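The structure appears right after this line, and notes come after that.
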Amino acid sequence: MTEKTKILDKVRAALRSEPRLGPNFSPSRLDIDDEGALLIEGEVRSVAAKKLALESVAALPEVSGILDRLRVEPKVRMADAEIRDHLRKAFQQEPNFAALKIVERKGERLETVREVLDRSLGRIEVEADDGVVTLNGQVPDLASKRLAGLLAWWVPGSRDVINGLAVEPPEDDAPIRIEEAVRIALKKDPFVEASQIRVGVRHRTVRLTGLVPTDAERDMAERDAWYIFGVDKVVNEIEVRR
């Protein structure tokens, strides 16, 4: 048995041990190079499963880096043009983005969706390729970066969101920034009563507590937290009181 084979066996064991993936999860492609960089490709059931899978293999000392090609099974299969339509409307209607230029990338071509002539605070460039949304450009704060990623994940056809937005001027991240973003997500979600949910953040772990009337609302609150850029773990302690 070669050294690479041994490492890949450890990777598979780590993936099998993650409950969110299930014991039958098997990547469609798994490889590691001589430098310890792991390529992992496949489809998972949720953003939580994706993040936890990456965390489990990143913890292995033999893995020096990860080329992430894990995609999330979408709620609805959508063409890229339909995904762009959803994002165009979401970004144009978002009050916090009123001073941001919105641009769509279609292959090599860039198309301006909204120009800001008087006082632009930044620019969001949107691309959708096989259900993978890529966000580039620059925004004025971390809250805007995280909100853009959230809105992209909320598109039913999104299979992944690569949030490459730069924050200008740079802003130091902290647990309170993540907490603010989660609170914003819950307030903006029309299917969640945010006033009934409390949010705490330690490092990059979000803890949700409170009372909601249904299991569906409890699950939606947790998904919103997972969607936030920088969140590595969500502990859902919300109680359901019917």
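Need the list of lysines near Lys233 for cross-linking: C-alpha distance under 17 angstrom, and skip anything on the same chain fewer than eight residues off.
Of all the lysines, those that pass the test against Lys233 - Cα under 17 Å, at least 8 places apart if same chain - are Lys50, Lys51.
Taking only C-alpha pairs under 8 Å that are 6+ residues apart, what is the relative contact order of segment 1-143 in percent?
Details: 205 pairs, mean separation 21.5, N = 143.
So the answer I get is 15 percent.
Taking the chain as a Gaussian network, Cα atoms linked when under 10 Å apart, which of Ala152, Ala99, Ala48 shows the biggest mean-square fluctuation?
Ala99
Only helical DSSP H runs with n ≥ 4 go in: add -39500 (n - 2.57) per run for the chain, normalise by residue count and round the 222 nm mean residue ellipticity to 500 deg cm²/dmol.
Computed ellipticity for the chain at 222 nm equals -10500 deg cm²/dmol.
May I ask for the longest run of the chain untouched by GluC sites (Glu not before Pro) that are loop-located per DSSP and have at most 11 neighbouring C-beta atoms (other than their own) within 10 Å?
Working: sites that count: Glu35, Glu108, Glu115.
Answer - 116-242.
Report, for segment 3-72, the % of DSSP beta bridges that are antiparallel, rounded to 5.
Details: 4 of 12 bridges.
Bridges in segment 3-72 that DSSP calls antiparallel: roughly 35 percent.
Run the numbers for Asp219 and Ser46: contour at 0.36 nm per residue of separation, minus the present Cα-Cα distance, in nm.
Numbers: separation 173, 0.36 × 173 = 62.28 nm, distance 1.16 nm.
61.1 nm is the gain from fully extending Asp219 to Ser46.
Using 0.36 nm per residue, how much length does the chain from Asp173 to Glu62 gain when fully extended, once their Cα-Cα distance is taken away?
On the way: separation 111, 0.36 × 111 = 39.96 nm, distance 2.85 nm.
Fully extending the segment from Asp173 to Glu62 adds 37.1 nm.
What number, in percent, do you get for the relative contact order of segment 175-240 if the mean sequence gap of Cα pairs under 8 Å and at least 6 apart is divided by its residue count?
Details: 107 pairs, mean separation 23.0, N = 66.
For segment 175-240, the relative contact order is 35 percent.
Restricting to bridges with both residues inside segment 80-167, how much of the DSSP beta-bridge set is antiparallel, in percent to the nearest 5?
Values: 12 of 24 bridges.
Given both bridge residues lie in segment 80-167, the antiparallel proportion sits at roughly 50 percent.
Here are a few candidate values for semi-axes √(5λ) of the Cα gyration tensor in Å: (i) 29, 21, 18; (ii) 30, 24, 17; (iii) 42, 20, 16. Which one was actually calculated from the structure I just gave you?
(ii)
Per residue of segment 222-231, in order, report the coupling 6.51 cos²θ - 1.76 cosθ + 1.60 (Karplus, θ = phi - 60°) as ³J(HN,Hα) in whole Hz, putting x for Gly and Pro.
My calculation for segment 222-231 gives 5, 4, 4, 5, 4, 5, 6, 4, x, 7 Hz in order.
Among the aspartates and glutamates, which fall within straight-line cross-link reach of Lys106, defined as a Cα-Cα distance under 13 Å, with same-chain neighbours fewer than 8 residues apart omitted?
Qualifying aspartates and glutamates at Cα under 13 Å: Asp80, Glu82, Asp85, Glu125, Glu127, Asp129, Asp130.
Bear in mind that the values in this text are calculations on the coordinates, not laboratory data. Computed from a predicted structure; not experimentally measured. Positions of Cβ are generated from backbone atoms using ideal geometry, with glycine treated the same way; all protein chains shown enter the neighbour counts.
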